[in-house]
Amino acid sequence: YHIGNIDATVLAQQPKLKGHIAAMRQRIADACEVDIAAVSIKATTEEGLGFTGTMQGIAAHAVCMLT
């Protein structure tokens with residue numbers, strides 16, 4: 001199998017990740033030996049709900065398509 005693409009979402013109130021997403025994409029692409037175009041990262045907040053919304057932690061979800 002080969003990685004087709006990687007789609008990740010990071011859930012965190014703080015820190016704001018917008019300025020770090022390009023570097024995060026590049027590091028994941030390098031680690032997985034894929035082109036950076038195959039890596040998508042989004043950041044979102046929980047609007048005060050749950051442990052991520054109350055700034056007690058950070059969560060991440062990722063899906064990888066294998067071909």
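Placing pseudo-labels 7 Å out from each Cα toward the beta carbon at S40 and D7 gives an inter-label distance of 0.5 nm.
The mean sequence separation of alpha-carbon pairs under 8 Å and at least six residues apart, normalised by the residue count of the chain, gives a relative contact order of 55 percent. Here the Gaussian network model covers the chain, with springs between Cα atoms less than 10 Å apart; of A12, A31, A22, A31 fluctuates the most. Looking at the range 17-65, the accessible area is 73 square angstrom per residue; that uses a 1.4 Å probe and ignores ligands, DNA and RNA. Around M55, with a cut-off of 15 angstrom between Cβ atoms, what is the net charge of the other residues, counting Lys and Arg +1 and Asp and Glu -1? Cβ neighbours under 15 Å give a net charge of -1. Against the set (i) 7.7; (ii) 5.0; (iii) 4.6, the structure's computed mean projected area of the Cα convex hull in nm² falls on (iii).
Considering only beta bridges that DSSP places wholly inside the chain, some 55 percent are antiparallel. Each of Q13, G50, H2 was scored by the projection of its Cα onto the charge dipole of the range 1-61, and the greatest displacement toward the positive side belongs to Q13; charges sit on the C-beta of Lys, Arg, Asp and Glu. FRET efficiency for the F51 to A23 pair, using the beta carbon distance and R₀ = 22 Å, is estimated at 0.30. Loop-resident trypsin sites (Lys or Arg not before Pro) (DSSP state other than H, G, I, E or B) in the range 1-50 with no more than 12 further Cβ atoms inside 10 Å of their Cβ: K16. Sum up the charges of everything whose Cβ sits under 12 Å from the Cβ of K42, counting Lys and Arg as +1 and Asp and Glu as -1, but leave K42 out. Around K42, the charge tally is +1. Apolar share of the accessible surface for the chain: 58 percent from carbon plus sulfur atoms, 1.4 Å probe.
In the chain, which GluC sites (Glu not before Pro) fall in coil by DSSP and have 12 or fewer other Cβ atoms within 10 Å? Sparse-neighbourhood loop GluC sites (Glu not before Pro): E33, E47.
The values are calculated or read from the model by the stated rules, or taken from the named source; none is laboratory data. Computed from a predicted structure; not experimentally measured. For neighbour counting, all protein chains shown are included, and Cβ atoms are generated from backbone atoms with ideal geometry for every residue, glycine included. For accessibility, only protein heavy atoms count, side chains too; no ligands or nucleic acids. Shrake-Rupley method; radii C 1.70, N 1.55, O 1.52, S 1.80 Å.
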